[in-house]
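Novice: Supplied in C-alpha cells, the structure appears directly below.
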Amino acid sequence: MQRIDGGEIRFSPHDLINFMQCKFISWMDRCYVDNRALKPDEDDGGTQILQKKGIEHEIAYRDNELSKGKSIIEIADGADAFQRTLEAMREGPEVIYQAVLRHGNFGGIADFLYRCEGESLLGNYHYDVRDTKLAKKTKPEFVIQLCCYADLLESIQGRLPQHVGIELGSGLYDEFRTEDYYFYYRTLKQAFLHFMEAFDPNVIPDDIRVMPFSRWNTEAKRLIEARDELSQVANMHRVQMRRLKASNISTVKSLATSDLHFVPGIGIETFGTLKQQARLQIDSRGCTIPKFEVLPAAHAGARRGLALLPAHDPLDVWFDMEGYPHLEGGLEYLFGASHIDLSGNEQFAEFWAHDRAQEKRAFEQFVDWIYSRWQANPGMHVYHYASYEVSAMRRLMGRHGTRELEIDDLLRNEVFVDLFQIVRHSLRIGEPRYSIKNVEHLYRGKRDGDVSNAVDSIVFYERWSVEPDGDTWETSKTLANIREYNMLDCQSTMELTNWLRERQAEYGIPFRAKQAKKEQDVDTTKPTNPTARRNAELAEVILLKSEDSHLSEEARQLHVLLGYLLRFHERESKPFWWSVFDRISMTQDELMFDAECL
C-alpha cells in the first residue's frame, strides 16, 4: 500500500491478504500511508531469514527452468518496468520472470508468467501465472494472491488465466482452476475497497490481533492491553471470544467478575475455566511471581495432570532439542539433555549435527543413550515440555529408518513425560500463555543471554551456517550461545519437574502408572515381537551398508531402497496410531477445537 504521484493509493495483493487475515493490519497500513511518523516494527531476524530463503527458492526455480532450455525474459526493477512487461508479453517468450502488473488502483509483481495456447488480445497465446513459495503446502492466502495477479492479467490480455499454480518449497507443484476461487477473491476485493473508502483514522477496528510477521504487533499489543481485550486470556479461542462478546463480556475484567454461570455456545465447565483464568491473570498483574491454583482431581483414579508425574529416579533425564526449519525437511541439530551423576552433580549431555548424516548419527547416539538408561532402570523417565521433542523423535525414526523399535518401546512404556500436558491439566496460572518461558516465572527469574527464544536460536544458527566462527561450541561463540540457551531450557525443565513434585506432595496427589500387566502378558519393557526385531536389525544393516564408500551409486541406492522397503508398511501405519493415542489424552474442549478429531 503506497501513495503514488497524483495522490492516489496503489494496493497490492499483499494488502488483500492482510485484510483477509486481520482488518487491524489494513487499518494501520492505511494510517501509515498518511502519517509516516508512525513507527512500524523492524523485521526480526526470523523474518529476514524467511525472505532470504524465499528469494533463494525463487532463483533456484528460475535457474532450473533455464536449464530446461526455456526462453525467459526477466523484468528488471525500474520506473518503466510495467511498460517493459507489456512489451515482453507482446513478444511472447515462454516465461516472463518478475512481471510487473497494474490495473486501476492495484499492482503487483508476479514471480512467473507462463505462455499458454489460446486466443487473447496478445494473439494466439496468453499467459497463466505461477508463484514460488517456501512453504511445504499451499495456504489460502497464496491462492488469493494468485487470483489478484490473474485479475491484473485479464485486464492486459483480455482473458482470465484458466489456471494458477504454486511451486512449493517441498518441490511439489500445486495447480488450481482460477474460476473455483475467483468469485471469493472478487468479494474479498470489494469488501477491502469498501473498507478503504470508509477509512477513518479515529475508528479502530475491533479485530486487533498479534499476527505472525506483522509490522504492527507492538502497536497491537499496546491497544490490546489498553482495551483489556479478551485475547489476553490464555487458551482463549476466537469463537469463544465472539460468544462471550455476544453476552456482553468484552474485557478480561468483565469475564473475571461476571455473575453469569452459562454463556450460549460455551460449556459450563469451560466457561468456569475461562473465568478462573481471567481472574488469576488480573490478580497477577504487577506481581513478580504469578498467582496459580492447583486444580482438583476430575474424579478418583484419573490419569491426568499431576497424577501423571512419576517419582524421582536417579537416571531421569530432562530433554530439549534445537531444530533449524529452513533446510529442506528441517534439521535437528542439537539434542540436549540434563541429568544427575552418581555424585549428585548436574551434567549436560549433547549430541550435535550439522548435516543429514550427522543428524542420523546424533539421533542414534541419543536414543541408544536413553534406551540403555531405561534398560538399566525401567523407572527412569525423559522429561520435556510440549510435543516438539516426541514429534521429532517420531519424524527422525521414519526419516532415517533406524531405532524404530527402541522409540516404539520408549513411547509404549510412557518413558517420555510431557510436562506441558501435566501443567495445563493440573494448574491455572496467571500468565497469558503456558509456554515454558511463562511458566518458569513460578520458580525462576528472568533469563539473560543473547539467545532468549526459539526464533533467536534459528537466527543464530542461520548466521553460523552462512559464516561459521568455529566448528564446535568450544571454538564458536555462536554455537556456544545456542548451547547455553538449550542448557537453560533443560535446567528449567528440571526445575519445573521438582516444583511440580512439591505441589504433588502438597496436595497429596499420587502418581498413577499405567495399568499393571497381567502375569501372562509379555514384559513391556522388552521388545515383544522377535520378527519385528530381526527385520529392524536387518534393515539397519542394509542401510548401514549403503554408506560404504566402495559401493557404486547404483548399488548404494539399491541398498537404501531395500532397507526402507523392508518395514515400509509397518512404518506407514504408525502415524495413524500415534494420532489415536494422542487424542485419547485430550479433553473434550481440546477435541472440540481439533479439526481432525473425527
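Novice: With respect to Asp200, is the statement that it is over 24 Å from the mean Cα position of the chain (by Cα) and either in a helix (DSSP H, G or I) or of a type in the set (Ser, Thr, Tyr) (or both) true?
Specialist: Working: over 24 Å from the mean Cα position of the chain (by Cα): yes; either in a helix (DSSP H, G or I) or of a type in the set (Ser, Thr, Tyr) (or both): no.
So Asp200 fails the test.
Novice: Which condition does Leu396 not pass, out of (1) over 25 Å from Leu543 (Cα atoms); (2) in contact with a Phe, Trp or Tyr (Cβ under 8 Å, 6 or more places away or on another chain), if it passes all the others?
Specialist: (1)
Novice: Could you please give the count of residues in region 354-412 that are under 25 Å from the mean Cα position of the chain (by Cα) and of a type in the set (Lys, Arg)?
Specialist: Here the count works out to 5.
Novice: In region 27-64, what residues are among the β-branched types (Val, Ile, Thr) and either over 23 Å from Ile166 (Cα atoms) or open to solvent by 50 Å² or more (accessible area, probe 1.4 Å) (or both)?
Specialist: Step one: list which residues in region 27-64 are among the β-branched types (Val, Ile, Thr), which gives 33, 47, 49, 55, 59.
Result: Val33, Ile55, Ile59.
Novice: Just checking: which of the strands (runs of 3 or more DSSP E) contained wholly in region 51-126 hold 1 or more residues that are of a type in the set (Gly, Ala, Ser), modelled with pLDDT of 90 or more and more than 21 Å from Ser12 (Cβ to Cβ)? Break it down stepwise before answering.
Specialist: On the way: elements: 72-74, 95-103, 106-120.
Because the criterion is at least 1 residues that are of a type in the set (Gly, Ala, Ser), modelled with pLDDT of 90 or more and more than 21 Å from Ser12 (Cβ to Cβ), the strands (runs of 3 or more DSSP E) in region 51-126 that meet it are 106-120.
Novice: Working carefully through the options Thr524, Thr531, Thr497, find the one that is closer than 30 Å to Ile422 by Cβ and at pLDDT below 75.
Specialist: On the way: Thr531 fails: closer than 30 Å to Ile422 by Cβ; Thr497 fails: at pLDDT below 75.
Sole residue among the options that is closer than 30 Å to Ile422 by Cβ and at pLDDT below 75: Thr524.
Novice: Would you say Gly92 is open to solvent by less than 20 Å² (accessible area, probe 1.4 Å) and either β-branched (Val, Ile, Thr) or within 30 Å of Arg3 (Cβ to Cβ) (or both)?
Specialist: Details: open to solvent by less than 20 Å² (accessible area, probe 1.4 Å): yes; either β-branched (Val, Ile, Thr) or within 30 Å of Arg3 (Cβ to Cβ) (or both): no.
No.
Novice: State whether one or more residues within region 117-125 are within 18 Å of Arg62 (Cα to Cα) and free of Cβ contacts under 8 Å to residues at least 40 places away in the same chain.
Specialist: At the first step, the residues of region 117-125 found to be within 18 Å of Arg62 (Cα to Cα) are none.
The answer is no; no qualifying residue exists.
Novice: Now a separate question. What single numbered condition from (1) of a type outside the set (S, T, N, Q); (2) at pLDDT 95 or above; (3) in a loop (DSSP other than H, G, I, E, B); (4) within 26 Å of Asn453 (Cβ to Cβ) fails to hold for Leu327?
Specialist: Every condition holds for Leu327 apart from (2).
Novice: Quick one: which residue in Phe195, Phe213 is at pLDDT 95 or above, open to solvent by 40 Å² or more (accessible area, probe 1.4 Å) and farther than 28 Å from Leu122 by Cβ? Break it down stepwise before answering.
Specialist: On the way: Phe213 fails: at pLDDT 95 or above.
Only one candidate qualifies: Phe195.
Novice: Same structure, new question: All but one of (1) surrounded by fewer than 16 Cβ atoms within 10 Å (Cβ to Cβ); (2) of a type in the set (D, E, K, R); (3) at pLDDT 95 or above hold for Arg238; which doesn't?
Specialist: Only one criterion in (1) surrounded by fewer than 16 Cβ atoms within 10 Å (Cβ to Cβ); (2) of a type in the set (D, E, K, R); (3) at pLDDT 95 or above is unmet by Arg238, namely (3).
Novice: Kindly indicate the residue of region 470-509 that is more than 23 Å from Phe351 (Cβ to Cβ), touching a Leu at 6+ places or on another chain (Cβ under 7 Å) and not aromatic (Phe, Trp, Tyr) and also surrounded by the most Cβ atoms within 10 Å (Cβ to Cβ) among those meeting that condition.
Specialist: Of everything passing the filter in region 470-509, Leu500 is surrounded by the most Cβ atoms within 10 Å (Cβ to Cβ).
Novice: Say we look at region 164-178 and pick out the residues that are of a type in the set (Ser, Thr, Tyr) and more than 16 Å from Asp111 (Cα to Cα); which of these is surrounded by the fewest Cβ atoms within 10 Å (Cβ to Cβ)?
Specialist: So, considering only residues that are of a type in the set (Ser, Thr, Tyr) and more than 16 Å from Asp111 (Cα to Cα), the one surrounded by the fewest Cβ atoms within 10 Å (Cβ to Cβ) is Ser170.
Novice: Let me ask you something else. Collect the residues in region 179-192 that are among the aromatic types (Phe, Trp, Tyr) and open to solvent by 60 Å² or more (accessible area, probe 1.4 Å), keeping them in residue-number order. Give the derivation first.
Specialist: Initial filter on region 179-192 (among the aromatic types (Phe, Trp, Tyr)): 181-185, 192.
Tyr181, Phe183, Tyr184, listed by residue number.
Novice: Follow-up. So which residues in region 559-597 are over 24 Å from Arg304 (Cβ atoms), open to solvent by less than 80 Å² (accessible area, probe 1.4 Å), at pLDDT 75 or above and among the aliphatic types (A, V, I, L, M), if there are any at all?
Specialist: Once the filter is applied, which keeps residues that are over 24 Å from Arg304 (Cβ atoms), open to solvent by less than 80 Å² (accessible area, probe 1.4 Å), at pLDDT 75 or above and among the aliphatic types (A, V, I, L, M), region 559-597 yields only Val560.
Novice: I've got another one for you. Here is a list of conditions, (1) touching a His at 6+ places or on another chain (Cβ under 9 Å); (2) open to solvent by 70 Å² or more (accessible area, probe 1.4 Å), and Asp548 meets all of them except one; can you say which number that is?
Specialist: (2)
Novice: Filter region 326-356 down to residues that are without any contact (Cβ under 8 Å) to a residue 60 or more places away in the chain and touching an Asp or Glu at 6+ places or on another chain (Cβ under 8 Å) and give me whichever is surrounded by the fewest Cβ atoms within 10 Å (Cβ to Cβ).
Specialist: Gln347
Novice: On the given criteria, is Gln157 of a type in the set (S, T, N, Q), touching an Asp or Glu at 6+ places or on another chain (Cβ under 8 Å) and surrounded by 14 or more Cβ atoms within 10 Å (Cβ to Cβ)?
Specialist: Working: of a type in the set (S, T, N, Q): yes; touching an Asp or Glu at 6+ places or on another chain (Cβ under 8 Å): no; surrounded by 14 or more Cβ atoms within 10 Å (Cβ to Cβ): yes.
In short, no.
Novice: Restricting to region 544-598, name every residue that is part of a loop (DSSP other than H, G, I, E, B) and charged (D, E, K, R).
Specialist: We begin by selecting, within region 544-598, every residue part of a loop (DSSP other than H, G, I, E, B); these are 546-552, 566-567, 585-587, 593-598.
Listed by number, the residues that qualify are Glu547, Asp548, Arg567, Asp594, Glu596.
Novice: I'm told Leu152 meets every condition in (1) closer than 19 Å to Ile25 by Cβ; (2) more than 29 Å from the chain's Cα centre (by Cα); (3) assigned to a helix (DSSP H, G or I) except one. Can you identify the failing condition by its number?
Specialist: (1)
Novice: Name the one entry in Leu419, Leu427, Leu442 that is over 28 Å from Phe581 (Cβ atoms), open to solvent by less than 20 Å² (accessible area, probe 1.4 Å) and touching a helix residue (DSSP H, G or I) at 6+ places or on another chain (Cβ under 8 Å). Steps first, answer last, please.
Specialist: Numbers: Leu419 fails: over 28 Å from Phe581 (Cβ atoms); Leu427 fails: over 28 Å from Phe581 (Cβ atoms).
The unique qualifying residue is Leu442.
Novice: Can you tell me which of (1) buried (at least 19 other Cβ atoms within 10 Å of the Cβ); (2) among the hydrophobic types (A, V, I, L, M, F, W, C); (3) farther than 28 Å from Val459 by Cβ is the one Phe24 doesn't meet?
Specialist: (3)
Novice: Exactly one condition in (1) touching a strand residue (DSSP E or B) at 6+ places or on another chain (Cβ under 6 Å); (2) assigned to a loop (DSSP other than H, G, I, E, B) is not met by Asp174; state its number.
Specialist: (2)
Novice: Does Glu572 satisfy the criteria of being over 19 Å from Leu411 (Cα atoms) and out of contact with any His (no Cβ under 6 Å at 6 or more places or on another chain)?
Specialist: Judged against the criteria, Glu572 is not a match.
Novice: Let me ask something else. Just to be sure I understand, how many residues within region 376-410 are buried (at least 18 other Cβ atoms within 10 Å of the Cβ), under 24 Å from Ser492 (Cβ atoms) and without any contact (Cβ under 8 Å) to a residue 60 or more places away in the chain?
Specialist: 3
The values are calculated or read from the model by the stated rules, or taken from the named source; none is laboratory data. Just so we're clear, the structure is a prediction, and the values are computed from it rather than from any experiment. With ideal geometry, Cβ positions are generated from the backbone for all residues, glycine too; neighbour counts draw on all protein chains shown. Protein only, heavy atoms only, side chains kept; ligands, DNA and RNA dropped before computing areas. Shrake-Rupley method; radii C 1.70, N 1.55, O 1.52, S 1.80 Å.
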